[in-house]
Amino acid sequence: MKLLVTGGAGFIGSAVVRQAIGQGHQVVNVDALTYAACLDNVASVADAPGYAFEQADIRDRAAMDRILDSHKPDAIMHLAAESHVDRSIDGPGTFIETNITGTYTLLEAARKYWAGAGKPESFRFHHISTDEVFGSLPDDPQVMFTETTAYDPRSPYSASKAASDHLVSAWHHTYGLPVVMTNCSNNYGPFHFPEKLIPVIILGALAGKPLPIYGDGSNVRDWLYVEDHADALLTVVQKGEIGRSYNIGGENERTNLELVQTLCGILDRLRPGAAPYAEQITFVTDRPGHDARYAIDPTRIREELGWRPSVTVEEGLEKTVQWYLDNEAWWRALQTREGVGQRLGKAG
Ligand SMILES: NC(=O)c1ccc[n+]([C@@H]2O[C@H](COP(=O)([O-])OP(=O)(O)OC[C@H]3O[C@@H](n4cnc5c(N)ncnc54)[C@H](O)[C@@H]3O)[C@@H](O)[C@H]2O)c1
């Protein structure tokens with residue numbers, strides 16, 4: 001397939017690009033190269049014959065029209081977004097513009113392109129979203145997010161993603177655009193931007209800094225290894241049913257405190273310090289509106305598309321820690337970017 005991937009220079013998009021090229025697909029990577037992007041993430045495939053890069057903003061309708069007309073993709077995998085919850089608390093405007101207006105602009109460009117091609121049913125607009133649109137769950141293992149859970153977003157980030165999900169669904173029902181949608185739990189793995197929790201902990205531990213845990217660390221997330229997410233997305237874009245949404249989870253619920261303690265234990269083995277890294281853990285003021293628990297019921301994608309995560313969180317975290325130990329030049333360069341290493345999103 002020829003896949004147009006938006007946000008392909010980011011964390012998850014770059015994993016999709018690398019895997020898609022590895023599977024023999026052609027890829028057009030469309031990315032505006034914001035602060036969160038890094039073209040090194042796709043350096044391993046940049047010279048592949050099936051790979052093309054277009055620096056463009058999804059809010060730029062003329063650019064989207066030109067790129068679609070010139071590359072003629074079979075499917076669009078839409079990952080470009082502002083993605084950091086803490087930044088959305090400090091400055092929601094760009095989240096509204098990129099995640100909502102940008103998705104609208106891309107949908108309209110896709111609709112024109114698809115109509116111009118004779119409305120082929122084989123075309124796909126795959127919208128990649130988050131489980132955060134469903135809000136917060138009680139502390140009850142029987143209760144999980146399913147594809148029919150009512151939307152209840154709590155942060156500017158999740159509200160902007162929820163709005164984009166509704167737009168995609170509306171473009172399917174109103175215009176017949178052949179869409180598929182996915183809502184995924186928290187990702188981690190190689191190339192994760194150093195402002196997100198797991199790299200913050202790994203790099204903070206190595207630097208001998210306090211390891212900040214929001215609130216009391218009891219918030220629960222369902223952790224998914226990024227390569228497993230990319231595999232799930234490539235499964236859905238090829239096999240997903242038109243108009244259907246799929247929840248993707250790692251089957252790996254952990255509290256933030258458990259997660260950080262696991263990371264410290266892995267670091268103690270792989271890069272022993274003078275004292276156990278867990279001694280650096282410090283509890284800091286909670287994020288406003290911090291959701292208590294996210295958990296995904298992945299029954300639909302498992303039973304209908306035969307997809308399951310391939311690694312446990314312990315296996316994935318070990319690979320991730322090793323990757324950060326082996327790729328210091330990558331993360332050192334990104335630590336100099338604006339806002340990285342600062343506590344963001346405290347404003348109530
Ligand atoms: N990270 C997670 O745990 C997670 C979980 C579920 C869903 N998601 C969703 O997956 C997608 C990718 O997340 P990520 O963590 O890789 O994000 P990221 O912040 O690492 O990457 C986003 C990419 O989008 C690009 N981008 C931003 N604004 C753009 C614009 N206006 N035009 C073109 N490109 C633009 C950036 O340059 C960057 O390369 C997002 O839609 C996010 O909501 C993320």
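I'd like to check something: does the range 180-203 contain any residue that is touching a Lys or Arg at 6+ places or on another chain (Cβ under 7 Å), part of a strand (DSSP E or B) and surrounded by 17 or more Cβ atoms within 10 Å (Cβ to Cβ)? Checked the range 180-203: at least one residue is touching a Lys or Arg at 6+ places or on another chain (Cβ under 7 Å), part of a strand (DSSP E or B) and surrounded by 17 or more Cβ atoms within 10 Å (Cβ to Cβ). Among the residues of the range 125-147, just one is within 11 Å of the ligand (Cβ to nearest atom) and small (G, A, S), namely S129.
In summary, Y151 fulfils each of the numbered conditions (1) assigned to a helix (DSSP H, G or I); (2) more than 30 Å from I266 (Cα to Cα) with the single exception of condition (1).
If you check A207, A230 for being at negative phi, out of contact with any Ser or Thr (no Cβ under 8 Å at 6 or more places or on another chain) and crowded, with 22+ Cβ neighbours inside 10 Å, only one passes: A230. Note on the range 21-34: among residues that are free of Cβ contacts under 8 Å to residues at least 40 places away in the same chain and buried (at least 24 other Cβ atoms within 10 Å of the Cβ), the one that is farthest from the ligand (Cβ to nearest atom) is V27. Just one of the listed residues (R59, R18) is in contact with a Ser or Thr (Cβ under 7 Å, 6 or more places away or on another chain), within 8 Å of the ligand (Cβ to nearest atom) and either in contact (Cβ under 8 Å) with a residue 60 or more places away in the chain or on the phi < 0 side of the Ramachandran plot (or both), namely R59.
Checking the structure you have, find out if any residue of the range 18-38 is within 15 Å of the chain's Cα centre (by Cα), of a type in the set (G, A, S) and in a loop (DSSP other than H, G, I, E, B). Looking through the range 18-38, at least one residue is within 15 Å of the chain's Cα centre (by Cα), of a type in the set (G, A, S) and in a loop (DSSP other than H, G, I, E, B). If the condition is being part of a loop (DSSP other than H, G, I, E, B) and either small (G, A, S) or more than 10 Å from the ligand (Cβ to nearest atom) (or both), then the range 62-97 contributes K72, P73, D74, A80, A81, S83, G91, P92.
If you check R302, R287, R244, which single one turns out to be among the charged types (D, E, K, R), at pLDDT below 95 and within 23 Å of V133 (Cβ to Cβ)?
Numbers: R302 fails: at pLDDT below 95; R244 fails: at pLDDT below 95.
Within the list R302, R287, R244, the selection yields R287.
Scan the range 98-110 for residues that are in contact with a strand residue (DSSP E or B) (Cβ under 9 Å, 6 or more places away or on another chain), within 10 Å of the ligand (Cβ to nearest atom) and of a type outside the set (V, I, T) and the total you get is 2.
Screening the range 320-340 for residues that are assigned to a loop (DSSP other than H, G, I, E, B) and over 20 Å from the mean Cα position of the chain (by Cα) and picking the one that is farthest from A205 (Cα to Cα) gives E338. Scanning the range 296-319 finds no residues that are part of a loop (DSSP other than H, G, I, E, B), out of contact with any His (no Cβ under 8 Å at 6 or more places or on another chain) and closer than 20 Å to I213 by Cβ. Pairs meeting the criteria (first residue in the range 284-302 and within 9 Å of R221 (Cα to Cα), second residue in a helix (DSSP H, G or I), beta carbons under 8 Å, at least 6 apart or on different chains) are Y294/D131; Y294/E132; Y294/F134.
The values are calculated or read from the model by the stated rules, or taken from the named source; none is laboratory data. Just so you know, these numbers come straight off a predicted model, no measurement behind them. Heads up, the Cβs are rebuilt from the backbone with ideal geometry, glycines too, and the neighbour counts pull from every protein chain shown.
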